[in-house]
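Input: a single structure, listed below in structure tokens.
The values are calculated or read from the model by the stated rules, or taken from the named source; none is laboratory data. Computed from a predicted structure; not experimentally measured. Cβ placement follows ideal geometry from the backbone for every residue including glycine, while neighbour counts extend to all protein chains displayed. Remember, those area values only see protein heavy atoms, side chains included, never the ligands or the DNA or RNA. Shrake-Rupley method; radii C 1.70, N 1.55, O 1.52, S 1.80 Å.
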Amino acid sequence: MKIEVLPDAAALAQRAADAICAAVGAKPSAVLGLPTGATPIEAYAELTRRAAAGEADFSRATAFAVDEFAAASRDAPGTNAAFFARHLRLPLAALRVPRADAPDPDAEIRAFADEVRRAGGMDLCVLGIGVNGHIAFNEPDSARASRARAVELRAESRAAHAAAFGSLDAVPRIGMTLGIADILEARAILVLASGARKAAIVARAVEGDACADVPASWLREHPGVTWMLDEAAASGLTRR
Ligand code: GLP
């Protein structure tokens, strides 16, 4: 596991953009897994800027969202599809997001994971981490062997999206996520975390035992994981 600590969120966004550009530079047809959340927004803005300036070429790369809400109308403002439309303005070969209004969320996300495999699997899976240790929508109690599936969202995960959906009530109760086992099949993984509120969970995920209580801790079992943290998110680590 590699840990990179950057001075602040702005530096983290630049380094994350560098890493994503490097993956696509090395393999123009790269398959990326991408998260939503506040953390990657600045990095996505930087990718968008670099692509517009001709500094990076994503035109042959494919991106798969790592999760989406379920039982939501397609035009709900808080869906991950809406997030990517707002924040990732890249001319990709394809950006694939599970359909939030799919009638059978479990079948939708399983077919989506099959599509990732048919595309050759993820060359780089970028992740954020929830304050409860979730990665994508693998909430606490997610097994190492878990596969793509519909999941019940925890209260704290729903609360984080209340503003985007307009109210807590409007946030769907079900999500669709690639599973831990699907994520661990990516050839490389990049986890981004910024801010002091992530410090305790980052320390548990990085330094504690791998266990289902902290789904991000399963990433310890992957040989190609890089944690990119700002100083605040790294402040709980005892080994640096
Ligand atoms: C969300 C998403 C995750 C994301 C995480 C952290 O609910 N499902 O993919 O990584 O929570 O979000 P943030 O970066 O806003 O803290």
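Quick rundown of the values:
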read-out	value
Integer Hz, Karplus 6.51/-1.76/1.60 couplings in order for the range 176-193, x for Gly and Pro	10, 9, 5, x, 4, 5, 5, 5, 5, 7, 4, 6, 9, 10, 10, 9, 10, 8
Accessible area of ASP8 in the full protein assembly, 1.4 Å probe (Å², nearest 10)	70 Å²
Distant-in-sequence amide H partners of VAL191 (H built 1.01 Å from N, under 5 Å)	LEU127, THR226, TRP227, MET228
Rounded to the nearest 10 Å², the accessible area of ASP169 at probe 1.4 Å	130 Å²
Choice from SER167, SER157, SER73 with maximal GNM fluctuation in the chain (Cα, 10 Å cutoff)	SER167
Hz values of 3J(HN,Hα) by residue in the range 220-230 - Karplus curve (6.51, -1.76, 1.60), Gly and Pro given as x	4, 7, 9, x, x, 9, 10, 9, 10, 10, 8
Estimated [θ] at 222 nm from DSSP helical runs (n ≥ 4, -39500 (n - 2.57)) normalised by residues in the chain, nearest 500	-9000 deg cm²/dmol
Kirkwood Rh (inverse of mean 1/r, distinct Cα pairs), the chain, angstrom	17.6 Å
Shape of the range 97-230, Cα gyration tensor, a/c cut at 1.5	oblate
For the range 155-166, 3J(HN,Hα) per residue [Karplus equation, 6.51 cos²θ - 1.76 cosθ + 1.60, θ = phi - 60°, Hz, x = Gly/Pro]	4, 5, 6, 5, 4, 5, 10, 4, 4, 5, 8, x
The chain - percent relative contact order, Cα under 8 Å, separation 6 or more	25 percent
Relative contact order of the range 1-108, defined on C-alpha pairs under 8 angstrom at six or more residues apart (%)	27 percent
Among GLY128, GLY224, GLY33: highest mean-square fluctuation, GNM of the chain, C-alpha pairs under 10 Å	GLY224
Relative packing of 35-45, 19-29, which averages over residues the other C-beta atoms within 10 Å, highest first	35-45, 19-29
